[in-house]
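To start, the structure itself, in structure tokens.
The values are calculated or read from the model by the stated rules, or taken from the named source; none is laboratory data. Just so we're clear, the structure is a prediction, and the values are computed from it rather than from any experiment. As a convention, Cβ positions derive from the backbone with ideal geometry for all residues, glycine included, and neighbour counts pool all protein chains shown. Heads up: the accessible areas ignore ligands, DNA and RNA and are worked out on the full protein's heavy atoms, side chains in. Shrake-Rupley method; radii C 1.70, N 1.55, O 1.52, S 1.80 Å.
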Amino acid sequence: MLINIKTKELINESAFRGLHPSISLPARLTDDVLADYGHATYSYTEPPDYDSETQTRSETPQFVEGKWRQVWTVEDIEFTSEELAERLVQKKAAKLSEIKSAFVSAEADGYVESSLGFRADATRRSIEDIDGLIDLVSSGALPAPVVFRDYDNAYHRLTLDQLNVLRLEAKGRGPVLYARKWELEAAVKAAETVEAVQAVDAGAGWPGV
């Protein structure tokens, strides 16, 4: 890429040659050659990382160490107090929505470490399945022990007493999930800055995930 030293406009080499069709320009356009035409070679640089919500990023051509190159500038955005307050409200709402989604996901797929020596699914569906087995065994429709597949797809033969233990353990995960949800929500509501809201990790600490 080339730059017009006076106007700072950029132009590619092909277009530059098109501006001078009657001139036999060398195959390699160096700064010495381009100087006669008010142009110079121009180098792009890797843009720096920045937070688009709190910073602006701009680029300008500058003459650095004898070469024209792309120079990036990152500046913090100065928010008014009203803008800061509104931004905090928006971030809290987004984080609370994120927590809700994480809770739904944890509730839909998770396990408990059973005292019976294996991990067992602990979702509403799996609890209903355990209840069903208990009903069948209790009514005599299904002889015990019954075959049960755990969270890791291993099979076990369980008695009625063991099924009852498993049901209580699986049901016990629900209150713990709600406790984690409420803990995260409380942290968000108590946060006084956007940074404090963003520091709340909605995906961490869910039991059996």
Could you state the number of Å between the C-alpha centres of region 144-209 and region 104-141? 13
Of all accessible surface on the chain at a 1.4 Å probe, what whole percent is carbon and sulfur? 51
Could you give the accessible area per residue of the chain, probe 1.4 Å, as a whole number in Å²? 63
In region 47-140, with Lys and Arg counted as +1 and Asp and Glu as -1 at Cβ, which of these residues, Tyr111, Thr54, Gln90, has the Cα nearest the positive end of the dipole, that is, farthest along it? Thr54
Taking square-rooted eigenvalues a ≥ b ≥ c of the alpha carbon gyration tensor, is region 146-186 rounded, prolate or oblate, where a/c under 1.5 means rounded and, failing that, a/b exceeding b/c means prolate? oblate
Hey, what did the chain get for relative contact order, percent, Cα under 8 Å, at least 6 apart? 17
Could you give the length gained by full extension between Ala196 and Asn164, i.e. 0.36 nm per residue of separation minus their alpha carbon distance, to one decimal place? 7.2 nm
Find the all-direction average of the projected area of the Cα convex hull for region 10-87, expressing the result in square nanometres with one decimal place. 7.6
Counting Lys +1, Arg +1, Asp -1, Glu -1, what net charge surrounds Leu29 among other residues with beta carbon under 12 Å of its beta carbon? -2
Arg149 paired with Phe63, simple spin-label distance in nm, labels 7 Å along Cα-to-beta-carbon: 7.5
In Å³ per residue, the alpha-carbon convex hull of region 88-209 encloses 90
Out of Asp129, Asp109, Asp49, a Gaussian network model of the chain with alpha-carbon springs under 10 Å gives the largest mean-square fluctuation to Asp49
From the helices alone, meaning DSSP H stretches of at least four residues, give me the mean residue ellipticity at 222 nm for the chain, per-run term -39500 (n - 2.57), in deg cm²/dmol to the nearest 500. -14500 deg cm²/dmol
